1. Does N12 satisfy the condition of being in a loop (DSSP other than H, G, I, E, B), at pLDDT below 85 and in contact with a helix residue (DSSP H, G or I) (Cβ under 9 Å, 6 or more places away or on another chain)?
2. Just one of the numbered conditions (1) modelled with pLDDT of 90 or more; (2) assigned by TED's automatic domain parsing to the domain that holds A37; (3) touching a Lys or Arg at 6+ places or on another chain (Cβ under 6 Å) is not true of L92; which one?
3. With respect to the numbered conditions (1) out of contact with any Lys or Arg (no Cβ under 8 Å at 6 or more places or on another chain); (2) within 19 Å of L117 (Cβ to Cβ); (3) of a type in the set (S, T, Y), which one is the sole condition not fulfilled by T35?
4. Quick one: which of R137, R50 is assigned by TED's automatic domain parsing to the domain that holds D27, among the basic types (K, R) and surrounded by 14 or more Cβ atoms within 10 Å (Cβ to Cβ)?
5. If you check every pair at least six apart or on different chains, which have Cβ atoms under 7 Å apart with a residue in region 139-159 that is more than 20 Å from L85 (Cβ to Cβ) first and a residue that is of a type in the set (V, I, T) second?
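The values are calculated or read from the model by the stated rules, or taken from the named source; none is laboratory data. Please read all numbers here as calculations on a predicted model, not as lab measurements. A quick note on method: Cβ atoms are made from the backbone with ideal geometry, for glycine too, and the neighbour counts reach across all protein chains shown.
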Amino acid sequence: MDTKASSKLQKNSAIVLDTSFFFYNMDIEGLLFTTQAVIDECSDQASSARILVYREKGLQVREPEKRSVNEVMSVSEETGDIGKLSKTDIGLLALALEHGARICSDDFAIRNVAMALGIGIEPMMQRQIRYIKWKFRCKGCARLYDKAMVCPVCGAEVTRKLK
C-alpha cells in the first residue's frame, strides 16, 4: 500500500472511519460510517471541512448498540487492550461489528481488538499488523498477570508487555 497521505484507500462496501482519518488527506469510497464522538473530536478547520465533504458523499453518523459495546469491551479485556482504548475507540469498533464493516484506523489498540473480533482493517499510513497477545508484568517483582493492575504482592504497577 502506498503510504502517501494523499493515497486512495481500498474500496469496500462498508467502512467505519476513525478520527485520524479526518486529519489526513485521504480518499475513500464505500458505505461510510462514524460516530458523533469522532465528529466532536474533529474540531480544527481542516478536519471539520473533510467531515463536511464526506457527509455530502453519504457519511453516516451512527451510535452503536449497547450489546455491541459490551462485546467489544469483553474482547478488549481478553486481548489486554482495554486500558488503551477510549470510549470513542470502543464505539467505533462496536459500530464496525454491527455493520460487518472494516475499520479505517492506524491506532494499534483499535487494530488489535478489531483483529480479535474478526473485523477487517483498512490501514492509512501504517502497514498491516499482526495480532498481539499481551502479557502483564509487575514492575517491582516481575510476576506475570492476566491484566493491568497494582501487584497484590509488592504493590508496584503491573504493565503490559509483548508476549
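1. Spelling it out, it is not the case that N12 is in a loop (DSSP other than H, G, I, E, B), at pLDDT below 85 and in contact with a helix residue (DSSP H, G or I) (Cβ under 9 Å, 6 or more places away or on another chain).
2. (3)
3. (1)
4. R50
5. Close Cβ pairs satisfying both conditions: K139/T159; C141/V153; R143/V153; V150/V158; C151/V158.
So that you can scan it fast, the table gives a plain yes or no per residue for (1) modelled with pLDDT of 95 or more; (2) assigned to a helix (DSSP H, G or I); (3) over 30 Å from K147 (Cα atoms); (4) not small (G, A, S):
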residue: F33; (1), (2), (3), (4): yes, no, yes, yes
residue: D40; (1), (2), (3), (4): yes, yes, yes, yes
residue: S47; (1), (2), (3), (4): no, yes, yes, no
residue: R67; (1), (2), (3), (4): yes, yes, no, yes
residue: N70; (1), (2), (3), (4): yes, yes, no, yes
residue: M73; (1), (2), (3), (4): yes, yes, no, yes
residue: E78; (1), (2), (3), (4): no, yes, no, yes
residue: G83; (1), (2), (3), (4): no, yes, no, no
